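Trainee: I have a structure here, written as structure tokens, and I will follow up with some questions on it.
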Amino acid sequence: MAKYRIAWLPGDGIGVEVLEAAKVVLDRLALDADYLPGDIGWEFWCTEGDAFPERTVDLLKRVDAAVFGAITSKPAKDAEAALVPELKGRGLLYRSPIVRMRQLFDLYVCLRPIKAYPGNPLNYRDGLDLVVFRENTEDLYAGVEFSPVPRELADTLGKLAKGFGPFAKLSPDEYAISCKINTKRGSERIVRAAFEFARRHGRRKVTVVHKANVVRATDGLFLETAKQVAKLYPDIAVDDANVDAMTMWLLKNPFNYDVLVAPNLYGDIVSDLCAQMVGGLGFGCSGNIGDKLAVFEPTHGSAPKHAGLYKANPIATILAVKMMLDWLGETGKAQALEQAVAAVIKDGSVRTYDMGGSSTTLEMAGAIAARL
Ligand code: IPM
Ligand code: MG
């Protein structure tokens, strides 16, 4: 029996190709693992009404880690229209599989390293090396949403919330409500994870990203909790910033930052901005990490228009595999893989289209594997 069981979830679109590329480097590294393919993606939504079928949920209960590609998702109306005729009109709701996975398996840390590899022509600034910790299970992603808004809820809000006044007269389908729900526990554990990481990796500062000046209840709780946690780490500096200002400062003074920690939605947004500073989504990698399971993925989506063309840059996925190796404790292999990626970027003769070259997905993977 192999040492590790790894769920292999390509999804659809370019997810399939970038995972094929990831497999090239994993095979070269000879990781002692069984790769167990799982059904997930748009086609399972269309044919089964579930993009993340129960059998795949079960698979994830039996593995050490998973590698996930990407999945196409569409607005509710288009999703309904894509269902096979037998499934239409049953009120099935499309929910993003990756969001469900994060919640179902309590993968509360979304870890997104942001590193400018020397020689990458897409670097916004050379030398950047940030890490984003994004809370991954709650906040505006809680999935508590109303459209139309039930009368009962409107009546209750009318009684309890002053600010609800202007909305109280609207009819149920004239507005919608999405709840931002943040817990002390959820906030505490993501901030702790950020500080623990900072301490373990010799990072100097953690910046708490929020909008507590306006979103007082939830972001206030996040910020207050973060300040309490920070007291346990006197060796590490802490500061905080409103998310809007943060996006400006990140562009203006990116070297002022080190580790960022944010509630789910701000983390989602800020991590895309950060990824763009080091080459865009072809370089953004992500770990969804819980206490028992971790799922690693490129941050990019399924890019249906590129699907099957083998032009997508697989580096994001290969760096996600590097994160998985670290998480599994295979630090030697992780280091070797990162060095191989760095060497190929620096050399510059193999570049995918986003980097200004014409190499294919598999040529990039091959070049990285050849350095291992
Ligand atoms: C991400 C993505 C996802 C998210 C989408 C695909 C649901 O943008 O991982 O950052 O919003 O979390
Ligand atoms: Mg995102």
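The values are calculated or read from the model by the stated rules, or taken from the named source; none is laboratory data. Remember, it's a predicted structure, so these values are computed and weren't measured experimentally. Heads up, the Cβs are rebuilt from the backbone with ideal geometry, glycines too, and the neighbour counts pull from every protein chain shown. Areas reflect the complete protein model, heavy atoms only, side chains present, ligands, DNA and RNA absent. Shrake-Rupley method; radii C 1.70, N 1.55, O 1.52, S 1.80 Å.
Trainee: Could you please let me know if Ala294 is modelled with pLDDT of 95 or more and touching a Gly at 6+ places or on another chain (Cβ under 7 Å)?
Mentor: Judged against the criteria, Ala294 is a match.
Trainee: Regarding Ala116, is this residue within 23 Å of Thr317 (Cβ to Cβ), of a type in the set (A, V, I, L, M) and without any contact (Cβ under 8 Å) to a residue 40 or more places away in the chain?
Mentor: No: the conditions fail for Ala116.
Trainee: Gly202 fails exactly one of the following numbered conditions: (1) surrounded by 14 or more Cβ atoms within 10 Å (Cβ to Cβ); (2) on the phi > 0 side of the Ramachandran plot. What is the number of that condition?
Mentor: Result: Gly202 fails condition (1) only.
Trainee: Consider the stretch 242-276. How many of its residues are polar (S, T, N, Q) and either under 18 Å from the mean Cα position of the chain (by Cα) or within 16 Å of ligand 2 (Cβ to nearest atom) (or both)?
Mentor: So the answer is 4.
Trainee: With (1) touching a helix residue (DSSP H, G or I) at 6+ places or on another chain (Cβ under 9 Å); (2) within 20 Å of Tyr108 (Cα to Cα) as the list, and Asp291 as the residue in question, which single condition is left unmet?
Mentor: Here Asp291 meets the rest and fails (1).
Trainee: I need the full set of residues from the stretch 294-316 which are more than 11 Å from ligand 1 (Cβ to nearest atom) and aliphatic (A, V, I, L, M), in order please.
Mentor: Matches in the stretch 294-316: Ala294, Ala303, Ala307, Leu309, Ala312, Ile315, Ala316.
Trainee: Condition (residue is loosely packed, with under 15 Cβ neighbours inside 10 Å and out of contact with any Leu (no Cβ under 9 Å at 6 or more places or on another chain)) applied to the stretch 8-23: is it met by at least one residue?
Mentor: No, the conditions are met nowhere in the stretch 8-23.
Trainee: Tell me the residue from Leu273, Leu260 that is under 30 Å from Lys180 (Cβ atoms), within 16 Å of ligand 1 (Cβ to nearest atom), buried (at least 24 other Cβ atoms within 10 Å of the Cβ) and of a type outside the set (D, E, K, R), please.
Mentor: Just a single option satisfies the conditions, and that option is Leu260.
Trainee: Could you list all residues from the stretch 294-315 that are part of a helix (DSSP H, G or I) and surrounded by fewer than 24 Cβ atoms within 10 Å (Cβ to Cβ)?
Mentor: Result: Pro304, Lys305, His306.
Trainee: Please give the number of the condition Gln339 fails out of (1) polar (S, T, N, Q); (2) closer than 22 Å to Phe68 by Cα; (3) in a helix (DSSP H, G or I).
Mentor: (2)
Trainee: Which pairs do you get when a residue that is open to solvent by 10 Å² or more (accessible area, probe 1.4 Å), found in the stretch 181-194, comes within reach of a residue that is part of a helix (DSSP H, G or I) and not hydroxyl-bearing (Ser, Thr, Tyr), reach meaning Cβ atoms under 7 angstrom, with the pair 6+ apart or on two chains?
Mentor: Close Cβ pairs satisfying both conditions: Asn182/Leu221; Asn182/Phe222; Lys184/Leu221; Glu188/Val229; Arg192/Val229.
Trainee: Could I ask something else about it? Can Tyr94 be described as in a loop (DSSP other than H, G, I, E, B) and crowded, with 17+ Cβ neighbours inside 10 Å?
Mentor: Taking the combined requirement at face value, the residue satisfies it.
Trainee: Restricting attention to the stretch 49-60, which residues are in contact (Cβ under 8 Å) with a residue 12 or more places away in the chain and open to solvent by 60 Å² or more (accessible area, probe 1.4 Å)?
Mentor: Arg55 - this is the single residue of the stretch 49-60 that is in contact (Cβ under 8 Å) with a residue 12 or more places away in the chain and open to solvent by 60 Å² or more (accessible area, probe 1.4 Å).
Trainee: Among the residues that make up the stretch 331-349, is at least one of them within 21 Å of the chain's Cα centre (by Cα) and farther than 23 Å from Gly127 by Cα?
Mentor: no
Trainee: For the stretch 24-45, which residues satisfy the criterion of being open to solvent by 60 Å² or more (accessible area, probe 1.4 Å), of a type outside the set (D, E, K, R) and farther than 18 Å from Thr331 by Cα?
Mentor: Pro37
Trainee: Scan the stretch 229-238 for residues that are surrounded by fewer than 17 Cβ atoms within 10 Å (Cβ to Cβ) and either small (Gly, Ala, Ser) or closer than 21 Å to Arg125 by Cβ (or both) and jot them down.
Mentor: Ala237 - this is the single residue of the stretch 229-238 that is surrounded by fewer than 17 Cβ atoms within 10 Å (Cβ to Cβ) and either small (Gly, Ala, Ser) or closer than 21 Å to Arg125 by Cβ (or both).
Trainee: Go over the candidates Asp78, Asp173, Asp155 one by one and state the one that is touching a residue at least 12 places away in the same chain (Cβ under 8 Å), in a helix (DSSP H, G or I) and open to solvent by 60 Å² or more (accessible area, probe 1.4 Å).
Mentor: Asp173
Trainee: Are any residues in the stretch 239-257 under 18 Å from Arg216 (Cα atoms), of a type in the set (A, V, I, L, M, F, W, C) and either open to solvent by 10 Å² or more (accessible area, probe 1.4 Å) or part of a helix (DSSP H, G or I) (or both), and if so, which ones?
Mentor: The answer is Val243, Ala245, Met246.
Trainee: I would also like to ask the following. Select from the stretch 276-293 the residues that are outside any strand (DSSP E or B), within 18 Å of Asn313 (Cα to Cα) and more than 12 Å from ligand 1 (Cβ to nearest atom) and list them in ascending order.
Mentor: If the condition is that a residue be outside any strand (DSSP E or B), within 18 Å of Asn313 (Cα to Cα) and more than 12 Å from ligand 1 (Cβ to nearest atom), then Gln276, Met277, Gly279, Gly280, Gly282, Phe283 are the ones that fit.
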